[in-house]
Each structure stands twice: as structure tokens, then as C-alpha cells.
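A.B. asks: Before I ask anything, let me first share the structure, which is written out below as C-alpha cells.
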């Protein structure tokens, strides 16, 4: 049974990772679309900034609106809370140490059980795991 704060942490980790995955898909599609545009054009990239509702922030920081600026803003920019790197690092930084311990301990136990490393059905440890 998970503690509610651990379950909530897992929920938000998943949400941030889904966001990072979606941004990476958007970038991939825009990269394919950019092959039809002049080299260095930001035309296929700027709608991504609009989709993430970060147009004002982007325009204030990158007035030239180059293709590389858009890509860096969406992927590597730690100031942009919707960049891929921010979506991956934010939940890692905010989750409590106790929650990490529970998540890692649960993962280790799950791996042990799935690999059938616990084969003694008579032991107290394996009985307690099987009961939940």
C-alpha cells in the first residue's frame, strides 16, 4: 500500500514525463516540417512556442526568433518551465527523500519478485510479500 504523498509524487512525475515526451514529439514533427523551409527558418518552430503558451517569455529572451533559439528554448532551457530538461528535473528535485526511498524499495522488491529470486514459499518474508 502506497502512502498518499508517494502516490501523489508518482502521479506528478508521470505528468511531467508525459509533458517532456509530448514536447519531444512536437520537436520531431517540426524538424521533419523544417526540411521544406529555407535553412534556419523559424517558421515551423514558432507554433510550438505558441502551443506551450510561452510566446511572451520566448519573445523577450530571443527577439531574433532563430530556429536554434526555439530548439534550445524547448529542449535545454532551464529557465523555461516547459522545456524537456525542466520537465525531467523538476519532479526529481521536488520529491522528498522518504518518497524516493519508498519508490526505490518498491522497485527493488518488484524486481526480486518478478525474477523469482524469492522461491521459498514458507519464509515469513515471501508470505508477507505475497499477501501485499
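The values are calculated or read from the model by the stated rules, or taken from the named source; none is laboratory data. From a predicted model like this one, the values you see are computed outputs, not experimental measurements. Because the Cβ atoms are built from the backbone with ideal geometry, glycine has one as well, and the counts that use them run over all protein chains shown.
A.B. asks: Among (1) exposed (fewer than 15 other Cβ atoms within 10 Å of the Cβ); (2) at pLDDT 65 or above, there is one condition residue 122 misses while meeting the rest; what is its number?
C.D. replies: Of the numbered conditions (1) exposed (fewer than 15 other Cβ atoms within 10 Å of the Cβ); (2) at pLDDT 65 or above, the odd one out for residue 122 is (2).
A.B. asks: Follow-up question, since we're still on this one. Given the conditions (1) at pLDDT below 90; (2) within 26 Å of the chain's Cα centre (by Cα), report the number of the one that residue 83 does not fulfil.
C.D. replies: Here residue 83 meets the rest and fails (1).
A.B. asks: Name every residue in region 18-30 that is surrounded by 14 or more Cβ atoms within 10 Å (Cβ to Cβ) and either free of Cβ contacts under 8 Å to residues at least 40 places away in the same chain or farther than 16 Å from residue 72 by Cα (or both), in order of residue number.
C.D. replies: Hits for region 18-30 are 19, 22, 30.
A.B. asks: Mind listing whichever residues of region 47-64 are within 25 Å of residue 17 (Cβ to Cβ) and outside any loop (DSSP other than H, G, I, E, B)?
C.D. replies: Matches in region 47-64: 47, 48, 49, 50, 51, 55, 57, 58.
A.B. asks: Every residue in region 48-64 that is surrounded by 12 or more Cβ atoms within 10 Å (Cβ to Cβ) and either at positive phi or without any contact (Cβ under 8 Å) to a residue 12 or more places away in the chain (or both), please.
C.D. replies: 55, 59, 62
A.B. asks: Here's another thing I want to ask about it. Could you list, in sequence order, the residues of region 65-95 that are buried (at least 17 other Cβ atoms within 10 Å of the Cβ), part of a helix (DSSP H, G or I) and either free of Cβ contacts under 8 Å to residues at least 12 places away in the same chain or touching a strand residue (DSSP E or B) at 6+ places or on another chain (Cβ under 7 Å) (or both)?
C.D. replies: Residue satisfying the conditions is 86 alone.
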